[in-house]
Amino acid sequence: MKKTIYLCAVTLLTMASCNDYLDTVPSRGDNEVLKSGEQIEALFNNSDIYNSKVGFLGASGDDIDLTMEMYNEMGYATDAYISGLTFSIDDLANYQYGDTHWESEYNKIFTANLIINEIDNVEGLADNDRAQYLAQAHFMRALAYWNLAQSYCMPYSTETKDGLGLPLKQSTSYEESVVRATLQETYDLIEADLNEALNSPKTDIDMRWWVSKPAAQAMLARFYLFTQDYEKAADLARQALQSSKATLHDYNTLTLVEIPAMSPYGDEGVVMRSELYSYSPNQMADYQEAFYSQYFSVESGVYFIPSETLLGIYDTDNDLRYEQFFNKNGLWDAWLCGYGDDIMYRKFYHYIWGDFIPSGPTVPEMILTEAEALARQNHVSEAMDCVNQLRKARMRQGTDGWQLTASSQQEAIEQILEERHREMPFIMRWFDIRRLAFNETTADDVVVERSFFSVEQNIVDTSKGYLYTLPVKSKRYAAPLPNKDIARSGNQIIQNEYTDQDVQKKEIDVPDSGWGDDWNW
């Protein structure tokens, strides 16, 4: 097994099949693990590093609305998607194929640790290259731990910081403990890694898949927003936005592409797609708004079907995000029709089947981070000026009333949070719901509710339905860790604890399946 992991980590460029990075790693032995800068760059250039597989996260927040009627017509959704919809605990922890999100992030951590710990054994590296490789490795590890912490740990706050964090692997030794650190220790490591990434010799962006100083500043700004250090968040976001290479894309310049489509019932029509939808992987990797090109990758079978709550926050006539990404007849891709305007959210998409949403920091995120951080410090006028920079690039030119205004701190925060919701729906929205429950005010708390069928052992029972409610500060804000990895660790890793009140269920009526008594398969 040790040799297998060695080959996965160093020789191959595809590492997704190696699942037990936490408890099985290569020994040094007589093998030189890294010998050249070319090997290091081959590891960094592995395309699997540049996405995070997040099936269950895509369906966790209040932006998704796969109705029971839709499910009856579709007849199938992935186990991960269903687990997100129903805030599953046991089913998600026991998923028979393992948790690809957990595995892929620890894959990145293993690669980063390999480089950090072995780089001194690589001869002939120029000082600049050595500094860049180390900055890249620390940034990769920080972002991986960040994504894991937002998924499997409670949000950071004074009341949670002494609770369970993550197993903090900082070496490739199988003797290193995998006991979960505290949440404070987890965040301390993320912060330290991001500060190391600030040492990147790249003072501005050239290739967005390599860390630069603005990318490290942007991730630190995100870090401090989520830890309620608003002064640092605003300052670092402002510094990152000084980059000349990461720029805001004016959506008034985007075009729509008309694509012929057909419903399951043979109705002919068109789907109007954004030009971003057809971007190639190279275009996505070098997208102008990204400080660092990494994406949340949502696999086939996870459909971003927007809720009425999400649709209701857009000016559907003038907000170009609605026009570009909320595609009428888009559900026909999922073999669904007959539900309002058949809308599905699509932003980036290419020949690899799936949907992609930025997980690395972007220019819009930094504008919104600076605006929110200023508002929370009661700098209302500056905050509104900041958020309106984004609005100008998102609203149709010539639209009256495109500028947001606020007469109080609370109104400014509300306006900025709603704009953040419009700009970064679904996965980042889920992360925001978590952090807002534990910040300095209850005014922005969100209760998530949805109606869906009963699900037990990943089997959907269409004869019974529930209203699923996730209350504020639910312990199910932290997804359960995969039981397979707990077993692999010899039970060093312990599971999150939950109560019956963390996911509340109220039985409701279910719709007719629509198949009728005479249906024959």
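Just so it is clear, none of the values below were taken in a lab; they were calculated from the coordinates. Being a predicted model, the structure only gives us computed values, none of them experimental. Ideal geometry is used to build each Cβ from the backbone, glycine not excepted, and the neighbour counts take in all protein chains shown.
Side notes on the structure shown:
- Region 77-147, relative contact order [Cα under 8 Å, separation at least 6], %: 35
- Mean ellipticity per residue at 222 nm, deg cm²/dmol - from DSSP H runs of n ≥ 4 across the chain, formula -39500 (n - 2.57): -11000 deg cm²/dmol
- Alpha-carbon centroids, region 205-223 and region 241-278: separation in whole Å: 27
- Part-to-part distance (alpha-carbon centres) for region 368-444 and region 135-177, which is given in Å: 28
- Kirkwood Rh in Å, taken over region 340-428 so that all alpha-carbon pairs contribute: 14.4
- Taking amide hydrogens as placed 1.01 Å from N in the peptide plane, the amide H of residue 180 sits under 5 Å from those of 494, each at least 5 positions away in sequence or on another chain.
- For the chain, the relative contact order comes to 19 percent (Cα pairs under 8 Å, sequence separation of at least 6).
- Using only the C-alpha atoms, the convex hull of region 358-496 corresponds to 174 Å³ per residue.
- Rg to Rh quotient for region 269-410, alpha carbon positions, Kirkwood Rh: 1.00
- Here, region 167-225 is characterised by an Rg to Rh ratio of 1.08, where Rg is the alpha-carbon radius of gyration and Rh the Kirkwood radius.
- The label point for residue 498 and the one for residue 283, both projected 7 Å from the Cα toward the Cβ, are 4.1 nm apart.
- Cα-based radius of gyration of region 247-321 once divided by 2.2 N^0.38 Å, which approximates compact folds: 1.34
- For region 397-503, averaging the sequence separation of C-alpha pairs within contact (under 8 Å, six or more residues apart) and dividing by the residue count gives a relative contact order of 17 percent.
- For residue 174, distant residues with modelled amide H under 5 Å away: 25
- Charge tally around residue 465: other residues with Cβ under 15 Å, Lys/Arg +1 each, Asp/Glu -1 each, net -4.
- Sorting the segments 419-432, 472-485 by their residues' average number of neighbouring beta-carbon atoms within 10 angstrom, most packed first, yields 419-432, 472-485.
- Compactness of the chain as Cα Rg over 2.2 N^0.38 Å, two decimals: 0.97
- Stretched out straight at 0.36 nm per residue, the stretch from residue 203 to residue 249 would grow longer than its current Cα-Cα span by 14.4 nm.
- Using a cut-off of 26 Å between Cα atoms, the listed pairs 108/213; 169/475; 473/506; 161/213; 161/232 include 161/213 as exceeding that distance.
- In plain terms, the bigger the Kirkwood radius, the slower the diffusion; for region 201-245, with that radius from Cα pairs, at 25 °C and 0.890 mPa s, Stokes-Einstein puts D at 234 µm²/s.
- Lysines with Cα under 19 Å of residue 347, excluding same-chain neighbours fewer than 8 positions away: 53, 328
- Placing one equal scatterer on every Cα of region 118-226 and applying the Debye formula, the log10 ratio I(q)/I(0) at q = 0.11, 0.18, 0.24 Å⁻¹ is -0.39, -0.92, -1.26.
- Distance in nm between pseudo-label sites at residue 262 and residue 445 (7 Å out along the Cβ direction from Cα): 5.2
- Environment charge at residue 414 (Cβ cut-off 14 Å; Lys +1, Arg +1, Asp -1, Glu -1): -4
- Note on residue 174 and residue 72: their simple-model spin labels are 5.3 nm apart, each label 7 Å out from Cα toward Cβ.
- Principal semi-axes of the equivalent ellipsoid, √(5λ) from the alpha carbon gyration tensor of region 40-90, are 31, 12, 10 Å from largest down.
- When both region 87-120 and region 449-465 are represented by their alpha-carbon centers, they are found 29 Å apart.
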